Amino acid sequence: MKKRSIQFATLIFALFGVLAVSIACGAPAAAPPAVQTVVVEKIQTSAPVVQTQVVEKIQTSAPVVQTVVVQATAVPSAAPQAFIFGAQGEPVCLDPAVITDGISGRVINQIYEGLVKFDKDTTNPVPALAKSWTTSEDGKVWTFKLQEGVKFHDGTDFNADAVVKNFDYWGNTKNPVHEKQIAAGQVFEYYEAQFGGFDGDSVFEKIEAVDPATVKFTLKSPQGPFLNNLAMFVFVFASPTALEKYGTETCKNPVGTGPYKFVEWKPNEQVTLEANPDYWDKANAAKMSRVIIRNIPNNSARLLALATGEIHALEGMEPRDVAAIKNDPRYKLLLRPANTTGYLAFNYKVKEFQDPKVRQAITQAINKQAIVDALYGGTGMVANQMQPPALWGYNPDIKDWAYDTEAAKKLLADAGFPNGLSEVTFDGKKVPLEMWYMPVSRPYYPNPKDIGTAIAADLAKAGINVSLQTVDWATYLDRRSNGQLPFYMLGWTGDNGDPDNFVCYFFCLGADDAPLSREGFIEDKEVSDILKKAAVLTDQGERAKLYKQAEQLIHDRILRVFIANNQPPLALLANVEGYVPNPTGTEFFNTVVVKAGP
């Protein structure tokens, strides 16, 4: 790779000034931005490290502009031995059973494998650790024949017994390791959501090892998305030996069967993986000796690291930089197929949000089109429902609520707030109205702070005054899971190509029809019943009708505010080959090759 000049870095980052969100989206005139200058000294080594300083200001009137001054040494032109990926933040945990975030998922995709996986750039399940499978006529019995001779990274045999032990770890609340994880504050959120709950509440009647190379699942009722569920990034297998050995420390000690093995996790810096020399699938063995996934939470710092050859690829860019990368032959721009939705969630422990007039006022106060036009770099579109348009359960007949500030003011007045809304009653206590935004770039919100600032400015024009808040990513997700965020930005990248994962995950009630804390205690039994009915059907046409019906109800009742769908951009150096974007974000680095630079 040739040296990236300081002049080029200046072109990308200095001339492309910070986009004035308040102007583009109609906010009041802002005070001049505070300028933070960060000097980054980068010394090229065999395993380079980016040193970055990120200054987070939670305010709407004086956004922080960071000027990055770089002194960089030349990058050798020889073919690298490591593929270095720039991530938007720190992983939360490296135990797939207890995560929900894509940043952690990117790492575990390289280490672990499941029975099936998604094929290339599709959501079509294909064999992985299962080489074939059969299904009974009634759709209740699934029998999988397993790959033989496979070993986990610690030498433990992979077999049917290992599959059964993993499912027991995920779904049996009496499993000792499961119990310890719960006591330590972890949750098995995906298992509960995709398989109906734990223990006797789950969809499973029985999971059994027929012989070392055969595992059989007997379901209580058919499950339309069952095979797609198994292909999800969380339903991958850990060494049973490692689960027993590490207990609640599994987050820091991942042991799978995949093409890359875990080496180390340096907090707030990087995760390092190395090629698995004993990988069972020789045709798909890792093409690079190492993978380094580096934590660079600031979008501009991450792109600068790409410009200077410090990293080879990244996800998460300022929208203004997308066109610059696209038009520069030194880079490749890949767009992940649209499979994301960014939304605003209400916590229904907030008394005021229980009034549909207040929820309607909020949705009509937000100029979603202006936000998408200004802050998505041409890769986004306005969302009006939970599913993105590419999913077969999408309802094309939904007409979105019109952006109308005056209508929003009248709705607030009708709800008893003629002077606007600045305080709310949250779980019985009067508190300022806070709106929380994520501290990291995500596929559905490429710059959450700017988008949050624009939303807050729109709300303010209608008399809804929010205080913007954020916290580190792991804490953010934990507070959301425990129902502690009153009003917050979040989103979803679909995990399995099935509407069940996009809609039931959020709007289905628990096994006992109780509202879920992780979804802000949202409670609509009619919607939940429709979605649960759709999940047990196998006819796609019948299921699609039910998902469309549910989406219409969700929209009409304003259970959430949907902001945007997006095609998340990925930027790579031109000498990177073999990277395949997947709609779910489940992407495998064993196919990636970094060629020698020009």
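Where a number appears in this text, it was derived from the coordinates with a stated rule and is not lab data. All figures in this text were calculated on a predicted structure; none of them were measured in a lab. Please note: Cβ atoms are built from the backbone with ideal geometry, for glycine as well, and neighbour counts cover all protein chains shown.
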| task | For an R0 of 25 angstrom, estimate the FRET efficiency from the Cβ-Cβ distance between residue 542 and residue 201 and round to the nearest 0.05. | result | 0.50
| field | Rel. contact order, % - alpha carbon contacts under 8 angstrom, at least six apart, the chain | value | 20 percent
| remark: Checking rank on 394-407, 241-254, 582-595, 320-333, with mean other Cβ inside 10 Å and highest first, the result is 582-595, 241-254, 320-333, 394-407
| query | Between residue 131 and residues 5 or more places away or on another chain, which pairs have amide H atoms under 5 Å apart, with H built 1.01 Å from N, and which residues are they? | reply | 145, 146, 147
| remark: Computed from the beta carbon distance with a Förster radius of 35 Å, FRET efficiency for residue 282 and residue 525 to the nearest 0.05 stands at 0.10
| note | residue 260 neighbourhood, Cβ < 10 Å, K/R = +1, D/E = -1, net charge +1
| message | Which of rounded, prolate or oblate describes the stretch 196-321 when judged by the alpha-carbon gyration tensor and an a/c cut-off of 1.5? | response | prolate
| note | By the Cα gyration tensor axes a ≥ b ≥ c (a/c under 1.5 gives rounded; else a/b larger than b/c gives prolate, otherwise oblate), the shape of the stretch 138-215 is oblate
| Highest-first arrangement of 164-177, 88-101, 298-311, where packing means the average Cβ count within 10 Å | 298-311, 88-101, 164-177
| field | Euclidean distance of C-alpha centroids, the stretch 417-463 and the stretch 172-232, integer Å | value | 37 Å
| query | Suppose every K and R has +1 on its Cβ and every D and E has -1 on its Cβ; what is the size of the dipole of the stretch 112-250 about the Cα centre, in Debye to the nearest 20? | reply | 160 debye
| request: Identify all lysines with a Cα-Cα distance to residue 548 below 24 Å; exclude those on the same chain that are fewer than 8 residues away in sequence. | output: 357, 368, 399, 525, 532, 533
| When only C-alpha pairs under 8 Å and at least 6 residues apart count, what is the relative contact order of the stretch 90-146, in percent? | 20 percent
| field | Relative contact order %, the stretch 340-566, counting alpha carbon pairs below 8 Å whose residues are six or more apart | value | 35 percent
| request: May I ask which residue of 176, 288, 383 lies farthest towards the positive end of the charge dipole of the chain, with charges of +1 (Lys, Arg) and -1 (Asp, Glu) on Cβ and the Cα centre as origin? | output: 288
| query | Along the charge dipole of the chain, Cβ charges K/R +1 and D/E -1, which of 496, 185, 564 sits furthest on the positive end? | reply | 564
| Shape of the stretch 102-256, Cα gyration tensor, a/c cut at 1.5 | rounded
| query | Can you list the lysines whose alpha carbon sits under 20 Å from that of residue 429, skipping same-chain ones fewer than 8 residues off? | reply | 349, 351
| task | Please work out which option in (i) 0.96; (ii) 1.45; (iii) 1.05 gives Cα Rg over 2.2 N^0.38 Å calculated from these coordinates, and answer with its label. | result | (i)
| query | For the residue pair residue 289 and residue 328, what label-to-label distance in nm results when each label sits 7 Å from Cα along the Cα-to-beta-carbon direction? | reply | 2.9 nm
| List the GluC sites (Glu not before Pro) in the stretch 98-196 that DSSP assigns to loop (not H, G, I, E or B) and whose Cβ has at most 14 other Cβ atoms within 10 Å. Which are they? | 137, 148
